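Scroll down for the structure; my scribbles are underneath it.
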Amino acid sequence: MKEEFIEYLRSRIGSAYVWGAQGERCTDALIERRETSGENKRRARAFMQKRLADGAQELLAYDCSGLIAAFLLENGLIKHDLSSRGLFRLCTEIGRAELKSCDLVFRHNGKKIHHVGVYIGDGEVIESKGRDAGVVSASIDAWGKGYWNRYGRLPFFGAAEPRELKLSSPMMQGNDVALMQMQLMSLGYDVGEAGADGRFGRRTESAVRLFKQRASALRPDGICGADMRLALGIALEDGE
């Protein structure tokens, strides 16, 4: 799966950036519908016109998270769209020195995550950079040493065996809890007022019990293990 992800990313280099896009054909209509201001529409159209003038036969469009989410959705690894912040919550946070191919790199502005790319090894990152550049491949430090300042590992490419999630003391917390909560919420289950906060409290345990009661062939306890992950559609792949 890692090789397919990298091949997919490389094949999208040169695509356009359009806000909210996930691989749609880049057209005036798409830009008009999706873009957020007159100036952003102008910039996106200028890039599209340049690429078409340069000989591009069909130009696809992505925003930064859409470039990644499109692959994950197409391969059944996630069930709904995720923003850059959602992708960060999905990841196990790592340090820069731990980066391996298919890890995600993020920009944090001091308040929130606002941009994401993919590290593909050998110091190279592929990202949907913006309306003036589209999807590009560049050195991890091409835009400055501090451009990427958060790093994460998706649970689909070389992740460790997932732990059982359950009510415990101290309270179990983490991105894996948040992902489970997001999946339950997408199916209409109440995990608590805080939503997908990554904390396995009593409301989350109740939601797990209710989900397992309604699902066939699942023991109706309050534990999210491999059987419930499979039923929820949280796909995980072991190994590198």
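The values are calculated or read from the model by the stated rules, or taken from the named source; none is laboratory data. A quick note: this is a predicted structure, and the numbers were derived from the prediction, not measured. Cβ placement follows ideal geometry from the backbone for every residue including glycine, while neighbour counts extend to all protein chains displayed. Calculation scope for accessible area: heavy atoms of the full protein, side chains included, ligands and nucleic acids excluded. Shrake-Rupley method; radii C 1.70, N 1.55, O 1.52, S 1.80 Å.
If only one of VAL125, VAL208 is under 23 Å from GLY76 (Cβ atoms) and in contact (Cβ under 8 Å) with a residue 12 or more places away in the chain, which one is it? Please lay out each step first, then the result.
Working: VAL125 fails: under 23 Å from GLY76 (Cβ atoms).
Going through VAL125, VAL208 in turn, the sole match is VAL208.
For LEU232, the criteria (1) free of Cβ contacts under 8 Å to residues at least 12 places away in the same chain; (2) within 20 Å of the chain's Cα centre (by Cα) hold in every case but one, which is (1). If the condition is being open to solvent by 30 Å² or more (accessible area, probe 1.4 Å) and in a loop (DSSP other than H, G, I, E, B), then the range 152-165 contributes ALA160, GLU161, PRO162, ARG163, GLU164.
Among the residues of the range 166-179, those that are assigned to a helix (DSSP H, G or I) and in contact with a Lys or Arg (Cβ under 6 Å, 6 or more places away or on another chain) comprise ASN175, ALA178. Name every residue in the range 191-212 that is open to solvent by 60 Å² or more (accessible area, probe 1.4 Å) and within 23 Å of the chain's Cα centre (by Cα), in order of residue number. Correct list: ALA194, ASP197, ARG199. Residues being under 17 Å from the mean Cα position of the chain (by Cα), modelled with pLDDT under 90 and not in a loop (DSSP other than H, G, I, E, B) are entirely absent from the range 180-189. Taking (1) at pLDDT 90 or above; (2) within 26 Å of LEU73 (Cα to Cα); (3) surrounded by fewer than 16 Cβ atoms within 10 Å (Cβ to Cβ) in turn, ASP221 satisfies each apart from (2). Could you check ALA142 against (1) part of a loop (DSSP other than H, G, I, E, B); (2) of a type outside the set (Phe, Trp, Tyr); (3) over 30 Å from ARG209 (Cα atoms); (4) open to solvent by less than 40 Å² (accessible area, probe 1.4 Å) and say which number it fails? Failing condition for ALA142: (4). Considering (1) among the small types (Gly, Ala, Ser); (2) in contact with a Cys (Cβ under 8 Å, 6 or more places away or on another chain); (3) at pLDDT 90 or above, the lone condition that GLY130 does not fulfil carries the number (2).
Count of the range 109-126 residues, restricted to those that are within 10 Å of SER137 (Cα to Cα) and among the small types (Gly, Ala, Ser), is 1.
Conditions (1) among the hydroxyl-bearing types (Ser, Thr, Tyr); (2) out of contact with any helix residue (DSSP H, G or I) (no Cβ under 7 Å at 6 or more places or on another chain); (3) within 20 Å of LEU82 (Cα to Cα), marked per residue:
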residue: ALA133; (1), (2), (3): no, yes, no
residue: SER137; (1), (2), (3): yes, yes, no
residue: ASP141; (1), (2), (3): no, yes, no
residue: SER169; (1), (2), (3): yes, yes, no
residue: ASP176; (1), (2), (3): no, yes, yes
residue: LEU187; (1), (2), (3): no, yes, yes
residue: LEU210; (1), (2), (3): no, yes, no
residue: SER216; (1), (2), (3): yes, yes, no
residue: LEU232; (1), (2), (3): no, no, yes
